[in-house]
């Protein structure tokens, strides 16, 4: 009887345990503070194929040793297959993630990082700069990442207070990045340039806030890629190019020019003209004595109050002009409300509900997919066109005008008995002259009604002039008893 055949026992593979030991050592170094997550991420993204090479070398050595000993070489096993799949998947993801400019992506998505640092820590630094400011000089501030605040100084100096946040793995690296990102002041003739120098640390994130004080009469130009800009108390022109931040301008005796990209703007008490271009979020302007020009895309809302001269607004959806705004205007994606508007007014838009109160002068309105309410205070020539929305026009009770109103697939109604109204099956017409004629009203609508309303008569009285100082009498009259006066 033959003896049973002994099958050589298969050796157990050491590839998996060795790779796990390497990973464990790396993570141990991180918990001990020798390495940091950001460094680990970069290292793994660049060198993860080495784990597969180590795995393959170990398997090759194990195979050759098994051949010499005459035993079966160890296989990969289910656990080994899953480990290889995990390393390859994680490595490919890490490599692609490492190629992404996360800082630029955060800027594009308008993510406010603040002190947030996914990998590593944030270290704070404070510093100050000061030197003489040239007579009649102007200032340009360049800050790629951080806030800029400009105020008026009491002397002929430029003073800069610096607050910096540096992302790094440790204090030593942070100190090195801080030195390489020192803000700089350069002077050429009357041109002063303040550079925050936040890009001096390469791809490391450095956020530098600058508080700048300079003479009040110096013009200011600010270029900010990401950060808030605040300028107050200036007897000179101001120009700002801002991205991904809030811009605030106050008490400027000069012209203001803003070029915005996904930023919000607030300006008040501006003596000169104000111009805004680009793509803005919220815009709030009040007490501007000059003209206002808005040209671009305004994503959220535009609020205007007390604009002393002409207003021009142009976007892909709305084209608006008028001569002056004594009241308020509120514009968002679906509504436009304004009061105390001085014409001539021209407004062409779509998909907005329009309400204009206390309007004076000529008016030209065009809309579609929205309603129009127009309340006229001082009547001029009026032309209103709409489609798929009602039109309501309220005129002074004693207004004199001529009317030509037509609505297709709608009705015309009027409070003025002098007008002739004919509501047919598919078209309604109202024509006629009121009060002996005057400004001409032309109203056209499709798939909507037209209402011509009579407003309540409100007597207007001229403003009472302030009392003048009494002239002293030539001779003093006889004394009389004092009579009570109203304050």
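The values are calculated or read from the model by the stated rules, or taken from the named source; none is laboratory data. As the structure is a prediction and not an experimental result, all values here were calculated from the model. Using ideal geometry, Cβ is built from the backbone for each residue, glycine included, and neighbour counts are taken over all protein chains shown.
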Positions within segment 278-309 being surrounded by fewer than 17 Cβ atoms within 10 Å (Cβ to Cβ), in contact with a strand residue (DSSP E or B) (Cβ under 6 Å, 6 or more places away or on another chain) and under 18 Å from residue 231 (Cβ atoms), in sequence order: 282, 284, 286, 287
In segment 195-240, how many residues are in a strand (DSSP E or B) and in contact (Cβ under 8 Å) with a residue 40 or more places away in the chain? 21
Where residue 312 falls short, out of the listed (1) assigned to a strand (DSSP E or B); (2) more than 17 Å from the chain's Cα centre (by Cα); (3) buried (at least 16 other Cβ atoms within 10 Å of the Cβ): (3)
Starting from residues that are modelled with pLDDT of 95 or more and outside any strand (DSSP E or B), keep the ones in segment 319-348 and report whichever is farthest from residue 368 (Cα to Cα). 323
Working only within segment 384-399, note down all residues that are touching a strand residue (DSSP E or B) at 6+ places or on another chain (Cβ under 6 Å) and free of Cβ contacts under 8 Å to residues at least 60 places away in the same chain. 399
Quick check on segment 289-298: of everything there that is assigned to a loop (DSSP other than H, G, I, E, B) and without any contact (Cβ under 8 Å) to a residue 24 or more places away in the chain, which residue is farthest from the chain's Cα centre (by Cα)? 289
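Being in contact with a strand residue (DSSP E or B) (Cβ under 8 Å, 6 or more places away or on another chain) and modelled with pLDDT of 95 or more narrows it down to one residue among 126, 110; which is it?
126
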Check on residue 283, in the same structural domain as residue 192 (by TED's automatic domain parsing) and either part of a strand (DSSP E or B) or over 20 Å from the mean Cα position of the chain (by Cα) (or both): no
Pairs where the first residue, in segment 35-60, is in the same structural domain as residue 205 (by TED's automatic domain parsing) and the second is modelled with pLDDT of 75 or more and crowded, with 17+ Cβ neighbours inside 10 Å, C-beta under 8 Å, 6+ apart: none
Considering only residues of segment 375-389 that are under 35 Å from the mean Cα position of the chain (by Cα) and under 20 Å from residue 339 (Cβ atoms), which is surrounded by the fewest Cβ atoms within 10 Å (Cβ to Cβ)? 375
Residue check: is residue 167 touching a helix residue (DSSP H, G or I) at 6+ places or on another chain (Cβ under 9 Å), surrounded by fewer than 18 Cβ atoms within 10 Å (Cβ to Cβ) and over 30 Å from residue 253 (Cα atoms)? no
Applying the selection to segment 328-343, what residues are loosely packed, with under 15 Cβ neighbours inside 10 Å and in contact with a strand residue (DSSP E or B) (Cβ under 8 Å, 6 or more places away or on another chain)? 334, 335
